[in-house]
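The structure appears below as structure tokens.
The values are calculated or read from the model by the stated rules, or taken from the named source; none is laboratory data. If you're wondering where the values come from, they're calculated on a predicted model, not measured in any experiment. We work out accessible area using only protein heavy atoms, side chains counted, and drop any ligands, DNA or RNA first. Shrake-Rupley method; radii C 1.70, N 1.55, O 1.52, S 1.80 Å.
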Amino acid sequence: MCPVSLLAALLSEMDGGEEVRMDAAPYCCSSCDGGEVAGRSMARRNRKTRSLSTSSASSSFEYRRTQSLHGPSPVTTFGPKACMLQNPHAVMHIQDPASQRLTWNKPPKSVLVIKKIRDATLLQPFKELCIFLTEVKNMIVYVEKKVLEDPAISGDENFGAITKKFCTFREDLDDISNRVDFIICLGGDGTLLYASSLFQESVPPVMAFHLGSLGFLTPFKFDTYQSQVTQIIEGNAAIVLRSRLKVRVLKENWEKKARVDEKGIILTNGDIENSRKVVQYQVLNEVVVDRGPSSYLSNVDLFLDGHLITTVQGDGVIVSTPTGSTAYAVAAGASMIHPNVPAIMITPICPHSLSFRPIVVPAGVELKIMLSRDARNTAWVSFDGRKRQEICHGDSITITTSCFPVPSICFRDPVNDWFESLAQCLHWNVRKKQNYLSSEDEEF
């Protein structure tokens, strides 16, 4: 029985034989043996369903979130040509981390190279990599336009012949989601976060080289980049699916507008008009709600699936993914969660309470954050440290687990890479070892 049929059967048993309807044909990439029609599979029950629409208005179909506490089944196609190697032994959508492998439907032809801006130490690695990709691998290289505007690159005549072959784009203006087969990041963890922000739906596989400061999310060393990139292009690499948060910010805009007649005569001093603005983000690390420049405590209500669970009184609150649990959240006292665990972490920032501890909730829940009625000041929110904005009374922040994870390519495998990062970057459980107790010492 295929995983989709198994899921439908399980849901039917849980509901006591209630009918389970499939809205779309089950997905199977062209490299699979299933022979099923290409599409997106998502079982849902007839009652108590929530809709998760894609952010693109051009989508011809809609993703459905089930009531499963494990959250939505992640999309397993990454960019135009990559997908996860199908595992016939997988139960539902949760795979053994060691079995998560990348494969290509067709050989990759295009690559996006992301370089940390204004870092002179990355100029030589960037040039070497781009020459290797264009001249040796015959790849189409995409580079952000502002990277090539660096005088150290634009003024290099020898490298100029290579840059003419590049395809350039501008953030928030050009859509490259269906043009890039995979991504290479040069820098620190911030380059991976930036790569995630460029893709609001399916994300191509990401290969991150450690050329920054911390490097928790960047497992590859640049010394042997040629053999490592070649191995990725040939396919069948280990990947970890880093879940993201789908964040929907609804802002109530109350404006006073004067009514004017055709002759320009003011009829009223001003009527209060209400207009709503909705913005959506895909977040890899965390959503941070804080008190901003105010000296007062932040006072925000936290809802889970429509029920008020608590009011946060303190400097703020962090809602993070398992990937983000080792970032701001761990500095605020949270536990560290492996990226394969389907969960959402809620961590208060300096709460004015001795009993408010960080909690982990299932990935399938829907969180909502609003200013409390009694709040003395507004709050501020940021998404992976960017797009910072003010939250006023009546505004709301809705957070769910996204269907579009970031497929991060592993150096070895998801488990070993994670513990290696804990040891090397955060020095987890590092202490001097206790001396051996000899038989002579036991006498004393």
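Per atom type, region 365-433 shows carbon and sulfur on 49% of its accessible surface, probed at 1.4 Å. Scattering from region 140-240 was approximated by placing one identical point on each alpha carbon and applying the Debye formula without solvent; log10 I(q)/I(0) at 0.12, 0.14, 0.23 1/Å stands at -0.45, -0.62, -1.47. Pairs from the list LYS116/LYS432; LYS109/LYS277; LYS165/LYS277; LYS81/LYS116 with a Cα-Cα gap above 31 Å: LYS116/LYS432; LYS109/LYS277; LYS165/LYS277. Annotation: extensible slack from PHE356 through ARG248 equals 36.3 nm (criterion: 0.36 nm per residue apart, minus Cα-Cα distance). Taking all protein chains together and a 1.4 Å probe, the residues GLU366, GLU440, GLU144 rank GLU440, GLU366, GLU144 from largest to smallest accessible area. Cα centroids of region 293-329 and region 357-400: 6 Å apart.
Of the solvent-accessible surface of region 76-226, computed with a 1.4 Å probe and all protein chains present, 50% belongs to carbon and sulfur.
Which order do THR400, THR121 take when ranked by solvent-accessible area (1.4 Å probe, heavy atoms of all protein chains), largest first?
On the way: THR400 10, THR121 100 Å².
Ranking THR400, THR121 by accessible area, largest first, yields THR121, THR400.
Based on every Cα atom in region 374-433, Rg and the maximum pairwise Cα distance Dmax equal 19.2, 55 Å.
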